Amino acid sequence: MTRPAPRTVRPCLKRLGKLSAYLDRELPAAACKEIQKHMAGCADCRVVLKTLKKTIALCRQAPAKPPSRAALARVLSAVKRDLAKSRPKP
Amino acid sequence: MARVKAGDSAAFERLFARHAPRIHRFASRMCRQAQDAEDILQDTFLAAYRHLDTFRGAARFTTWLYTIAANSCRRTRRHSGAIATIDDHGGNGERHLAVDDWTRRPDVQAMRKETRRAIDEAVAALPKDQRLVLVLRDMEGLPAEEVGRIVGASVPAVKSRLHRARLAVRNELTRRFRERSP
């Protein structure tokens, strides 16, 4: 059985461009109020805002695997080897 | 720094020990392949050592290193292992947005392995200039001004790229979570 196509909307483009700035608290108070007023009456934009906010949070929380000691030692040796090769011989 | 410039090998090793984990983390986020991350780390420290004379101290040393690493990432062709690149248009840009609310899914709440993989893959599929900005700003946590210095762009350009990148990742996550819905 094929899954129905996802429901998509044409976003309120004028406001959409400001959502990152809104979430980063970079907008002036008047612009924030305008967005909040729109959100109060637009369920689709509320979902876009909520999922965008969660996306940013997930990116911020995404763990990065630290390099192993062996990997760092390997790279340091390679750097030192390359530097030694490129130094002029006495 | 003066000791490193004077050729003190132990001082260089201390500098490497202090900064290499951060640059490796950045490189891993940019390219996802362990070997590429090591290559970028190696390129970065080689270039940093060779050009140490040009570091004047006006910027933070870490900013300078990030700049070298970012340039190395840009040169890396085998960069992400991404299956497809998300572009600004088509289904992933701003023209149409999927509106499923996936924020309360248990796998998202718990940041399970598959959620982490979905984020990694969505970030990896971004165009390189957007990925650079998103990794530096949202994953490495640098201020927009510093990101601008690293990528050589104005703060408004950084913010614009960041917004497009966030929307593209959001749309990709929405698509993936929908496919995984029971």
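The values are calculated or read from the model by the stated rules, or taken from the named source; none is laboratory data. In this text, all values refer to a predicted model and were calculated from it rather than measured experimentally. Here the Cβ is made from the backbone with ideal geometry for all residues, glycine too, and neighbour counts use every protein chain on show.
On the basis of being in a loop (DSSP other than H, G, I, E, B) and either within 24 Å of B:PRO21 (Cα to Cα) or not basic (Lys, Arg) (or both), does B:ASP101 make the cut? For B:ASP101, the condition - in a loop (DSSP other than H, G, I, E, B) and either within 24 Å of B:PRO21 (Cα to Cα) or not basic (Lys, Arg) (or both) - is met.
Counting only helices (runs of 4 or more DSSP H) that sit wholly inside region A:27-90, those with at least 2 residues that are more than 7 Å from chain B (Cβ to nearest Cβ) and closer than 28 Å to B:ARG175 by Cβ are A:29-41, A:43-61.
Restricted to region B:76-103, and to residues that are of a type in the set (Ser, Thr, Tyr) and either modelled with pLDDT of 80 or more or under 20 Å from B:LEU167 (Cα atoms) (or both), which residue is farthest from the chain's Cα centre (by Cα)? Selected residue: B:THR103.
Residue check: B:ARG25 meets all listed conditions (1) over 18 Å from A:LEU83 (Cα atoms); (2) within 8 Å of another protein chain (Cβ to nearest Cβ); (3) exposed (fewer than 15 other Cβ atoms within 10 Å of the Cβ) but one, namely (3). Residues in region A:1-26 that are in a helix (DSSP H, G or I) and at pLDDT 85 or above: A:LEU19, A:SER20, A:ALA21, A:TYR22, A:LEU23.
So, A:LYS65, is that one free of Cβ contacts under 8 Å to residues at least 60 places away in the same chain, crowded, with 17+ Cβ neighbours inside 10 Å and touching a helix residue (DSSP H, G or I) at 6+ places or on another chain (Cβ under 8 Å) or not? No: the conditions fail for A:LYS65.
For region B:32-55, what are the residues that are closer than 17 Å to A:LEU83 by Cα, at the interface with chain A (Cβ under 8 Å from one of its Cβ atoms), under 16 Å from the mean Cα position of the chain (by Cα) and surrounded by fewer than 21 Cβ atoms within 10 Å (Cβ to Cβ)? B:GLU38, the sole residue that qualifies. For region B:1-13, enumerate the residues that are within 11 Å of chain A (Cβ to nearest Cβ) and assigned to a helix (DSSP H, G or I). Result: B:SER9, B:PHE12, B:GLU13. Of the residues making up region A:29-55, those that are basic (Lys, Arg) and surrounded by 14 or more Cβ atoms within 10 Å (Cβ to Cβ) are A:ARG46, A:LYS50, A:LYS53, A:LYS54.
As an exercise: evaluate B:ARG178 against (1) more than 8 Å from chain A (Cβ to nearest Cβ); (2) part of a helix (DSSP H, G or I); (3) surrounded by fewer than 21 Cβ atoms within 10 Å (Cβ to Cβ) and give the number of the one condition it does not meet. For B:ARG178, the exception is condition (1).
If you go through region B:104-141 and keep only what is assigned to a loop (DSSP other than H, G, I, E, B) and modelled with pLDDT of 90 or more, you end up with B:ALA125, B:LEU126, B:PRO127, B:GLU140, B:GLY141. Taking the listed residues B:ALA59, B:ALA48, the one that is in contact (Cβ under 8 Å) with a residue 60 or more places away in the chain and either in contact with a helix residue (DSSP H, G or I) (Cβ under 7 Å, 6 or more places away or on another chain) or β-branched (Val, Ile, Thr) (or both) is B:ALA59, with no other qualifying.
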